[in-house]
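Okay, structure first, notes after.
Bear in mind that the values in this text are calculations on the coordinates, not laboratory data. From a predicted model like this one, the values you see are computed outputs, not experimental measurements. When we count neighbours, we look across all protein chains shown, and the Cβ atoms used for this are built from the backbone with ideal geometry, even at glycine.
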Amino acid sequence: MSKENGYAHGIAPGLALFEACRALGIPEVSVYGFTHDNTHRPTVQKHAFRNACVEFAFEVARRGAALLVVGNELSDEFPNALAPFRIRQGAGIKVNFLVNYGWEWDLEGLKHGALRSQEVSRVDLIVRWGGGRRLSGFLPIQSVYADFYVIDAYWPAFELSHFEQALAWFREQDQTLGG
């Protein structure tokens, strides 16, 4: 399937992952919608992933997530519909949704006293779909001690077993946090 058609197909798996995390009692999840670097892609792709992000955000909020959208809302690439979520909304499982996020933008907040992602907790596990073996700017401060689990399948092909395998692997890791 073309990239622009794949984004909408990623919403249902994202919601399934959200429901699995909620059922397991995972208190906080951080999810990449798109990066600032992704906005250099063709216009048709940008519209598709922006629309998918808006749809996902409203649905996960409707399902009771305590949603926080983290990203540069001053950029033309940020979907205006998500502006109310720049302040956490809701009281359920915390979902940090990175939309038009850039690590430079985040760290630049330190000039004004704090990371722009300061409300996002330390990340313990990063599950990377699509075989990528890089951080791609994903919350560099919060991810400093995160373990990586890589799944070769692309995101729209998400299966609950992928997540279950990642959690089983994570339980076996020696989490010394640098100690």
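For Gln173 and Asn80, compute 0.36 nm times the residue count separating them, minus their Cα-Cα distance, and round to one decimal in nm. List each step's numbers first, then the result.
Values: separation 93, 0.36 × 93 = 33.48 nm, distance 4.04 nm.
Between Gln173 and Asn80, full extension yields 29.4 nm more.
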Estimated inter-spin distance, Ser2 and His112, nm [label 7 Å along Cα→Cβ]: 3.8
All lysines inside 20 Å of Lys3 as judged from Cα atoms, apart from same-chain residues fewer than 8 positions distant: Lys46
The chain - percent relative contact order, Cα under 8 Å, separation 6 or more: 22
Cα point-scatterer Debye curve for segment 135-179, base-10 log of I(q)/I(0) at q = 0.13, 0.21, 0.32 Å⁻¹: -0.38, -0.88, -1.13
Formal net charge of residues neighbouring Ser136 (Cβ-Cβ distance under 12 Å; K, R +1; D, E -1): +2
Ellipticity estimate at 222 nm from DSSP helix runs (n ≥ 4, -39,500 (n - 2.57)) divided over the chain, nearest 500: -10000 deg cm²/dmol
Mean Kyte hydropathy of 1.6 or more with a Cα span along the axis of at least 30 Å, helices from DSSP in the chain: none
Rough spin-label spacing in nm, given labels placed 7 Å along Cα→Cβ, for Ala23 and Ser136: 2.6
